[in-house]
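Okay, structure first, notes after.
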Amino acid sequence: MDCLFCGIIEKRVPSTPVYEDERLYAFRDTNPQAPVHILVIPKKHVPTTNHLGEEDAELIGKLVLKARDLASEEGIAEKGYRLVMNCNEWAGQTVFHVHLHLLSGRAMGWPPG
Ligand code: 5GP
Ligand code: ZN
């Protein structure tokens with residue numbers, strides 16, 4: 001399977017790690033859209049949120065809680081941050097391995113573009 005983020009998890013592709021455990025990996029985005037831009041991903045390959053099953057509920061919960069913890073560690077919890085999961089064409093998903101963007105370090109507009 002040719003998946004960029006699986007390659008990052010397996011360390012075949014270099015990345016700047018922020019956190020790792022048995023089920024999750026977090027690393028810096030190489031094209032940051034804000035001063036803090038971290039990607040939190042499950043080690044399990046799931047292409048899009050459309051492919052998530054009931055059995056993934058705890059995993060996705062852990063993903064969000066880890067992003068919350070990383071926001072605190074990055075010192076952005078109080079000012080705030082945005083968590084984004086893009087799905088498919090209209091959302092602009094480019095890597096088809098589920099990932100949660102943790103964005104902060106500047107004020108962000110709403111609605112998103
Ligand atoms: P998407 O557009 O699919 O929601 O987000 C994919 C993200 O992966 C983008 O923000 C993009 O900058 C990031 N990205 C793409 N290739 C690489 C890479 O090789 N390394 C890292 N660290 N991030 C990447
Ligand atoms: Zn993958």
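Since every read-out is calculated from the coordinates, none of them should be taken as a lab result. Model, not experiment: these values are computed from the prediction. Quick reminder, even Gly has a Cβ in these numbers, built from the backbone with ideal geometry, and neighbours come from all protein chains shown.
Could you list log10 I(q)/I(0) for the chain at q = 0.13 Å⁻¹, which the Debye formula gives when each Cα is one point scatterer?
Once normalised to I(0) and log-transformed, intensities are -0.47.
Just how large is the dipole of the chain about the Cα centre, in debye to the nearest 20, putting +1 at every Lys and Arg Cβ and -1 at every Asp and Glu Cβ?
It works out to roughly 320 debye.
In this model, which of LYS44/LYS79; LYS11/LYS79; LYS43/LYS66 are farther than 24 Å apart at the alpha-carbon? Present the calculation step by step, with values, prior to reporting the outcome.
On the way: LYS44/LYS79 32 Å; LYS11/LYS79 33 Å; LYS43/LYS66 14 Å.
Among LYS44/LYS79; LYS11/LYS79; LYS43/LYS66, the Cα-Cα distance tops 24 Å for LYS44/LYS79; LYS11/LYS79.
What are the ³J(HN,Hα) values, in whole Hz, obtained from phi via the Karplus relation 6.51 cos²θ - 1.76 cosθ + 1.60 with θ = phi - 60°, for each residue of the range 69-77 in sequence order, with x given for Gly and Pro?
5, 5, 4, 5, 5, 7, x, 10, 5
Just the Cα atoms of the range 63-113: what Rg and Dmax do they give in Å?
Spelled out, the Cα radius of gyration and Dmax of the range 63-113 are 12.0, 32 Å.
Quick one: net charge around ALA77, please, counting Lys, Arg +1 and Asp, Glu -1 for every other residue with C-beta under 11 Å from its C-beta.
On the way: positive: ARG68, LYS79; negative: ASP69, GLU73, GLU74, GLU78.
So the surrounding residues net to -2.
Provide the three semi-axes, in whole Å and in decreasing order, of the ellipsoid equivalent to the range 35-87 as defined by the square roots of 5 times the Cα gyration tensor eigenvalues.
23, 12, 9
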